[in-house]
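Chemist: Quick one: this structure, given as structure tokens, is what I'll be asking you about.
The values are calculated or read from the model by the stated rules, or taken from the named source; none is laboratory data. All of these numbers come straight from a predicted model, not from anything done at the bench. Quick reminder, even Gly has a Cβ in these numbers, built from the backbone with ideal geometry, and neighbours come from all protein chains shown. The accessibility values were calculated without ligands, DNA or RNA, using every heavy atom of the protein model including side chains. Shrake-Rupley method; radii C 1.70, N 1.55, O 1.52, S 1.80 Å.
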Amino acid sequence: YGDLDVSVIKELPPRRGSVTTVWAQGPIAEASAWAHVLEEVEQGRQAYVVCPRISSTDKPGPDSPTWLDPEAEDLPPAAAVEEVFARLTAGPLAGLKVEMLHGQLPAEEKDAVMGRYAAGQTDVLVATTVIEVGVDVPNATVMVVLDADRFGIAQLHQLRGRVGRGSHRSTCYLVAAGSTEEAEARLEALVRTTDGFELAEVDLDLRGEGTLMGERQKGRSDLKLASLRRDREWVAKARDVAIALVDGDPDLSAHPLLADEVALFLGEDEQDFLLKG
């Protein structure tokens, strides 16, 4: 991929407000999140509540988190939109205008629900990750993500981007116990920074680089000594040397040992993978 151009956008769009991220651990911290939702609604603002599942009986699908800890298989069932909606409307958010949104609703109903929310007719939207992208409601200033440790860094970063889209100060609450060390590291990183570049580096460290010569996108690298992240400078130097070598010796006939190494690493399957598309 060294021949690709890279565009880096470091600036936020204009008129964006700041977003404070809070890791809410335990019942007291979660109660504070609901109290904040009430305060924001009283001031005329709106809120999102995000759940990993639609119902207690649904199976993983398009609305499910994109990444889970493989070592956290014994966790209790994740929060579901339908159950959370019933609990909130009968409890902490009773009296507010609350609606549900998820991927199993008919398209017309989804559009209607989102239209009412965008028009300010709904106070709180309890949803799955269908709101992850393409939703722009500047009046939404608080988000509560339940069982946030079931989501990956990129997905949580995308989700909290639904608030702070106006000039008002916004808050994203990540309600989670921190089920594993890796989950804790993800949540701590999101609290620490809103810089997507830094979060991508953390995510790469936690998940692994995956294979350079194959399709596996996370886990242990197939490079024995080098790291694409740590040795970025050497990767660039190696590319320059490789181009110079191949320009002067396309079939590497003058470099038989190097040709043997390339043949060892690049079998037919690897060549097909690197060259497809």
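Chemist: Please specify each residue of the range 246-264 satisfying the condition of being surrounded by 12 or more Cβ atoms within 10 Å (Cβ to Cβ) and either in contact (Cβ under 8 Å) with a residue 12 or more places away in the chain or over 25 Å from residue 222 (Cα atoms) (or both).
Modeler: Selection gives 249, 258.
Chemist: Anything in the range 113-134 that is open to solvent by 10 Å² or more (accessible area, probe 1.4 Å), of a type outside the set (Ser, Thr, Tyr) and touching a helix residue (DSSP H, G or I) at 6+ places or on another chain (Cβ under 9 Å)? List them, or say none.
Modeler: 114, 121, 123, 130, 132, 133
Yes/no matrix, rows are residues, columns are (1) in contact with a Leu (Cβ under 7 Å, 6 or more places away or on another chain); (2) modelled with pLDDT under 95; (3) charged (D, E, K, R):
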| position | (1), (2), (3) |
| --- | --- |
| 120 | no, no, no |
| 124 | yes, no, no |
| 135 | no, yes, no |
| 146 | no, no, no |
| 185 | yes, yes, no |
| 188 | no, no, yes |
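Chemist: So which of 270, 209, 182 ends up being more than 18 Å from the chain's Cα centre (by Cα) and either more than 30 Å from residue 18 (Cβ to Cβ) or surrounded by 13 or more Cβ atoms within 10 Å (Cβ to Cβ) (or both)?
Modeler: 270
Chemist: Does the range 136-149 contain at least one residue that is over 15 Å from residue 25 (Cβ atoms), open to solvent by 20 Å² or more (accessible area, probe 1.4 Å) and assigned to a helix (DSSP H, G or I)?
Modeler: Within the range 136-149, not a single residue is over 15 Å from residue 25 (Cβ atoms), open to solvent by 20 Å² or more (accessible area, probe 1.4 Å) and assigned to a helix (DSSP H, G or I).
Chemist: Could you run through the range 63-94 and say how many residues are modelled with pLDDT of 60 or more, assigned to a loop (DSSP other than H, G, I, E, B) and open to solvent by 80 Å² or more (accessible area, probe 1.4 Å)?
Modeler: 3
Chemist: Go through the range 74-99 and report how many residues are under 13 Å from residue 41 (Cβ atoms) and of a type in the set (Lys, Arg).
Modeler: 1
Chemist: Continuing with the same structure: Based on what the data block shows, is residue 240 loosely packed, with under 12 Cβ neighbours inside 10 Å and of a type in the set (Asp, Glu)?
Modeler: Details: loosely packed, with under 12 Cβ neighbours inside 10 Å: yes; of a type in the set (Asp, Glu): yes.
Criteria met by residue 240.
Chemist: Exactly one condition in (1) free of Cβ contacts under 8 Å to residues at least 24 places away in the same chain; (2) part of a loop (DSSP other than H, G, I, E, B); (3) under 23 Å from the mean Cα position of the chain (by Cα) is not met by residue 223; state its number.
Modeler: (3)
Chemist: While we're on this one: Condition first: in a helix (DSSP H, G or I), surrounded by fewer than 18 Cβ atoms within 10 Å (Cβ to Cβ) and in contact (Cβ under 8 Å) with a residue 40 or more places away in the chain. Can you find one or more residues in the range 104-112 that meet it?
Modeler: Step one: of the range 104-112, the residues in a helix (DSSP H, G or I) are 107-112.
Restricting the remaining residues to those that are surrounded by fewer than 18 Cβ atoms within 10 Å (Cβ to Cβ) gives 107-112.
Now narrow it down to the ones that are in contact (Cβ under 8 Å) with a residue 40 or more places away in the chain: none.
No, the range 104-112 contains no residue that is in a helix (DSSP H, G or I), surrounded by fewer than 18 Cβ atoms within 10 Å (Cβ to Cβ) and in contact (Cβ under 8 Å) with a residue 40 or more places away in the chain.
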